[in-house]
1. Helix-only estimate, please: 222 nm mean residue ellipticity of the chain, summing -39500 (n - 2.57) across DSSP H runs of length 4 or more and dividing by its residues, to the nearest 500.
2. Would you rank LEU320, LEU267 by solvent-accessible area, highest first, keeping every protein chain in place and using a 1.4 Å probe?
3. Which of the lysines could a cross-linker bridge to LYS51, judged by Cα under 17 Å and excluding same-chain residues fewer than eight apart?
4. VAL351: net charge of surrounding residues, Cβ under 10 Å, Lys/Arg +1, Asp/Glu -1, itself excluded?
5. Express in nm, to one decimal, how much length is gained between MET339 and HIS407 on full extension, taking 0.36 nm for each residue of separation and deducting their alpha carbon distance.
6. Net charge around GLU376, counting only other residues with Cβ within less than 12 Å of its Cβ (Lys, Arg = +1; Asp, Glu = -1)?
7. Just to be sure I understand the rule: take each whole DSSP H helix in the chain, project its Cα atoms onto its long axis, keep it if the span is 30 Å or more and its mean Kyte-Doolittle hydropathy is at least -1.0. Which ones pass?
8. Report the Cα centroid-to-centroid distance between segment 114-130 and segment 149-173 in angstrom, as an integer.
Amino acid sequence: MKPIQVGLLGMGVVGSGTFNVLRRNQEEIKRRAGRGIEITMVADLDVARAKSLAGDGVKVVNDARAVIANPDIDIVIELIGGYGIAKTLVLEAIAAGKHVVTANKALLAVHGTEIFAAASAKGVMVAFEAAVAGGIPIIKALREGLTANSIQWIAGIINGTTNFILSEMRDKGLDFAVVLKQAQALGYAEADPTFDIEGVDAAHKATIMSAIAFGIPVQFDKAYVEGITKLGAADIKYAEQLGYRIKLLGITKRTPAGIELRVHPSLVPTKRLIANVEGAMNAVMVQGDAVGTTLYYGKGAGSEPTASAVIADLVDITRLHTADPLNRVPHLAFQPNAMSDLPILPMSEVVTSYYLRLRIADETGVLAKVTGILAEAGISIDAVLQREADEVGGEGATFTDLIILTHDCVEAKMNAALAQMQALPTVLEPITRIRKEELA
Ligand code: HSE
C-alpha cells in the first residue's frame, strides 16, 4: 500500500525532530502502522532553512494553504502555535477533509470546542498527544488506558521551564529573577517567558486534561491561574524545613459541587514521588477509582520527545482513518452527545490547605492575635514555625517570620481571615499564601 502522505506546517524544533525520528525508525513505524508514513510537503516562511532540514524529496513552500490544498495530503501537522493563523489553518485543513495533528495546547484549550465540532462534522480526526506534557503519552492514558475509571483528580508538573526554575531556586538558594535569566540563557525559557512563569501554559494543558478526564468542554477561561513570579527563596526554604517542596501544579478535581481547575504553586510532601521531579522534567499523577494512583513521568518538551507524541498520533490516524468515524476514540474521550455540564468551580469555593508566611513585629501577643483570627474563622492549624528574629533579620532585628500550615478550609474563608490578619499593625508585609496538596 502506498505510504500515507503528511503535510507539515511550521518547520521548527519539533518539525525537524519529527523528520529525524520518522526517518530513523521508519521500518518499525511501518510495521506498527500497517503502511508507510511520509512527510511529503512542508510549509515554512524560511523556505531555504526548511529545505535543508527536510532533505531531498520533500516539497517546501512558504504558503501553508498550498499544503492544505494539495489533494495528495491525508494528514496536516500544525506546529505553528498560538491562536491566530494556526486556528484559521486548522479549520481550513478540517474543511478540506484532512486529519490534523497538533501540538498546540493554547489553541485547543481556548478553541477546542469549535475545532472538535468542525472535525466531527467533517468525519476527520484532530489528534493532540503532543499538546500536553510533550513525550509523555498522557492523552492516550487518560482517554484509553484509564477508560474504565471514574477519574477523581489529576495533578501535574506540566511546565518544564517553571520546574527547572523552582529546582534551581531550591538547590542553590537563589531568587526567582536570577534563575529566570539562567533558564533563558540555557534556552529553557522563551525570550518572552510570560506564558510559562505566569502559569498560562500549564493552565492550557490542565484545561485539556480536565475535559478528557471528566467529559466536560474545554473551558480555559474558567481556570484559576497563578504563576511562580512571587515566590521567594525563603518560602522554598521554610517549606523544606516543614517536609515539603514547592511545585507549580496543574490540578483538576471532581467534587460533588463541580470541577476544580487550577494552576498555582503548591506545597507537596517531599516523600511523594512527584515532589522529587526536578529540572525541566514533567510528571502527571492521575487518581482513578479503580486503578488508584498512577504516575507518568518524562520529558515535557524538546525536539524528539515531542516528535515521539506527534508520530504516535500519525500512526493512530493511519490505523483508523478508514474506520467508521463513530468507531474512533472520541476527541475528548466521551461521546460528543454524552458530555457533562458539571460547572467549573470558582476559586473561592475550592477547598484546600494552606502555607502562610507572615512577616511580623517581634512583640508580645502577635502570635495569639493571628491564631485567634484563624480560630474565629474555624480554620484549624496543622503546624506553626517561628524563627528567632536574629536568624531572619540579622543581629538586633525587631521582626521575624511566622509560618503557619493549616488544615483544609474553603478558599473564601481563608481570604476573609487573610484580610483580617493583614490589617493587624504588627503584620509588616503582604502575607504569602501558598496552597498545599497532600496528594494522598
Ligand atoms: N514551554 C513549555 C514548558 C514547553 O516549559 O514546559 C512546551 O509546552
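1. -11000 deg cm²/dmol
2. Values: LEU320 50, LEU267 0 Å².
Putting LEU320, LEU267 in descending order of accessible area: LEU320, LEU267.
3. Within the straight-line cut-off, LYS51 pairs with LYS59.
4. Combined, the nearby Lys, Arg, Asp and Glu give -2.
5. The span from MET339 to HIS407 would gain 21.1 nm if fully extended.
6. Around GLU376, the charge tally is +2.
7. Numbers: long enough: none.
Qualifying helices, which must be both long enough and hydrophobic enough, do not occur.
8. That distance is 29 Å.
The values are calculated or read from the model by the stated rules, or taken from the named source; none is laboratory data. Because the structure is predicted, anything quoted here is derived from the model rather than measured. Note that each Cβ is placed from the backbone with ideal geometry, even for glycine, and that neighbours are counted across all protein chains shown. All accessible areas refer to the heavy atoms of the entire protein, side chains included, with ligands and DNA or RNA removed. Shrake-Rupley method; radii C 1.70, N 1.55, O 1.52, S 1.80 Å.
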